[in-house]
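Step one of this worksheet: look at the structure below.
No lab work stands behind these numbers, since they all come straight from the coordinates. Computed from a predicted model, the values in this text were never measured in an experiment. Neighbour counts run over all protein chains shown; Cβ positions are idealised from the backbone, glycine included.
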Amino acid sequence: MNELELSGTGLDNVFTIELNGSKRIITKSLVTAASGEKIIRSGSEEYRIWNPFHSKLAAILLKNAVIPLMKDSAVLYLGAANGTTVSHVSDIVPDGTVYGVEFSPRAMQDLIHVSTRRTNLIPILADAMQPGSYRNIVPEVDIIYQDVAQREQARIAVRNGEMFLKKGGFLVLIIKSRSIDVNRKTRDVAACEIKLLEGYFEILGFIDLEPFHSGHVAVLAKRT
């Protein structure tokens, strides 16, 4: 493929394109894409297609949210799983560092595999509810991105924010309502979690992640 018509998103290394009649989000590859990844090439550059149905952060960006990820940002990613979204964050911050915290040893194996080719990605096997266990690894960060399937999601954000997030730093909290209360509406669960954040964060807004992720809301906040 020759030169693509890319549209900027306001983030370094993140673009949108029209592909097969639909808007798609892509990141400029920091490293050569792994076997099986969906990619597009434009001239000498390689871009990785970012699926919003697999990544909540991709869905957030497709909904035009403003997230101050800079090329040199330090990011604490809580709930890194097998590293799919984390690898795209690594693309966005080539001069920064991503600290990926994951509780599952099985998922950690995949995350370590992803990190072997990405020098700006540090995998950490730990429980996000116990941030003191990785205090000696993670420095002060610019952004916390949290996507964990635990009940006390706001409390996890507060604990990590107090320990690691710079004053004025940015929080993206994915609220998984079914992990908290399967019987209540997503917006009601989100409202309660947001209330727990107040006093620690300035709430900037929230985004319903339908149709990409049912029962999920993204809260955008800044540390006060």
query = Residues of region 21-56 with amide nitrogen under 17 Å from the 7 Å Cα-to-Cβ point of R117?
reply = 27-42, 45-51
task = Counting only C-alpha contacts under 8 Å and six or more residues apart, can you give the relative contact order of the chain as a whole percent?
result = 15
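Take the alpha-carbon positions of the chain, form their convex hull, and give its projected area averaged over all directions (one quarter of the hull surface) in nm². Please list the in-between numbers first.
Details: hull surface 48.0 nm².
Average of the hull's projected areas for the chain equals 12.0 nm².
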query = Over region 7-51, what number does the Rg to Rh ratio reach, with both radii from the alpha-carbon atoms and Rh per Kirkwood?
reply = 0.94
request  = Go ahead and set up a Gaussian network model of the chain, Cα springs under 10 Å, then flag whichever of A58, A80, A33 fluctuates most.
outcome  = A33
request  = Determine the alpha carbon to alpha carbon distance for each of K23/K56; K167/K222; K195/K222; K176/K222; K28/K167; K28/K222 and list only those over 18 Å.
outcome  = K176/K222; K28/K167; K28/K222
remark   = Checking T116, T186, T16 against a Gaussian network model of the chain (alpha-carbon springs below 10 Å), the top fluctuating residue turns out to be T116
Cα-centred dipole magnitude for the chain, charges only on beta-carbon of K, R (+1) and D, E (-1), debye, nearest 20 = 440
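Can you pull out the chymotrypsin sites (Phe, Trp or Tyr not before Pro) in region 4-78 that DSSP calls coil and that have at most 13 other Cβ atoms within 10 Å? Walk me through the intermediate numbers first.
Details: sites: F15, Y47, W50, F53, Y77; in loops: F53.
In loop regions of region 4-78 (DSSP not H, G, I, E or B), the sparsely surrounded chymotrypsin sites (Phe, Trp or Tyr not before Pro) are F53.
Which chymotrypsin sites (Phe, Trp or Tyr not before Pro) from region 80-172 combine a DSSP loop assignment with at most 10 other Cβ atoms within 10 Å? List each step's numbers first, then the result.
Values: sites: Y99, F103, Y134, Y145, F164, F170; in loops: F103.
Hits after loop and neighbour filter: nothing returned.
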message = Give me the percent relative contact order of region 38-104, please, defined on Cα pairs under 8 angstrom at least 6 residues apart.
response = 27
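As an exercise, identify the trypsin sites (Lys or Arg not before Pro) in region 149-224 lying in DSSP coil whose Cβ has no more than 15 other Cβ atoms within 10 Å.
On the way: sites: R151, R155, R159, K166, K167, K176, R178, R184, K185, R187, K195, K222, R223; in loops: R151, R184, K185.
Here the trypsin sites (Lys or Arg not before Pro) that fit, given the DSSP loop and packing criteria, are R151, R184, K185.
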note = GNM on the chain, Cα springs under 10 Å; top mean-square fluctuation among N64, N82, N51 goes to N64
ask   = What is the distance, in nm, between label points placed 7 Å from the Cα along the Cα-to-Cβ direction at N136 and at E152?
value = 2.4
inquiry  = Could you work out the relative contact order of region 7-51? I mean the mean sequence separation of Cα pairs under 8 Å and 6+ apart, divided by the number of residues, in percent.
reply    = 30
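Using a cut-off of 12 Å between beta-carbons, work out the net charge of the residues near C192 (Lys and Arg +1, Asp and Glu -1, C192 not included).
On the way: positive: R151, R155, R184, K185, R187, K195; negative: E152, D181, D188, E193, E198.
Summing Lys/Arg as +1 and Asp/Glu as -1 gives +1.
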key: Relative compactness, region 151-202, computed as alpha-carbon Rg over 2.2 N^0.38 Å   = 1.16
